[in-house]
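Below you'll find the structure, written out as structure tokens, and then a few comments.
The values are calculated or read from the model by the stated rules, or taken from the named source; none is laboratory data. The shown structure was predicted, so the numbers you read here are calculated from the model rather than taken from an experiment. Glycine also receives a Cβ, built like all others from the backbone with ideal geometry; neighbour counts cover every protein chain displayed. Only protein heavy atoms, including side chains, enter the accessible area calculation; ligands, DNA and RNA are left aside. Shrake-Rupley method; radii C 1.70, N 1.55, O 1.52, S 1.80 Å.
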Amino acid sequence: MGAVAFFAGLLLFVMGLGKWQETGSPFWLYGSLGFLLVLVVIALIPGGGKGRR
């Protein structure tokens, strides 16, 4: 995963938290936290989450 993709993912996470604050819906919070977890796991995988070639 490149740096631009990582920061774009972080931006999406922050936007999700903003939507959660705006609506108060717990689904936005859980979705944002789940997305952050997936983003961090993919970032930590050697090779950046690319398939084996």
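Listed values, structure above:
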read-out	value
Residue in region 27-36 that is assigned to a helix (DSSP H, G or I) and at pLDDT below 90 present	no
Residues satisfying the stated conditions in region 20-32, i.e. open to solvent by less than 100 Å² (accessible area, probe 1.4 Å) and touching a Leu at 6+ places or on another chain (Cβ under 9 Å)	TRP20, LEU29, SER32
Extreme residue, modelled with the highest pLDDT, among residues of region 37-49 that are in a loop (DSSP other than H, G, I, E, B) and among the small types (Gly, Ala, Ser)	GLY47
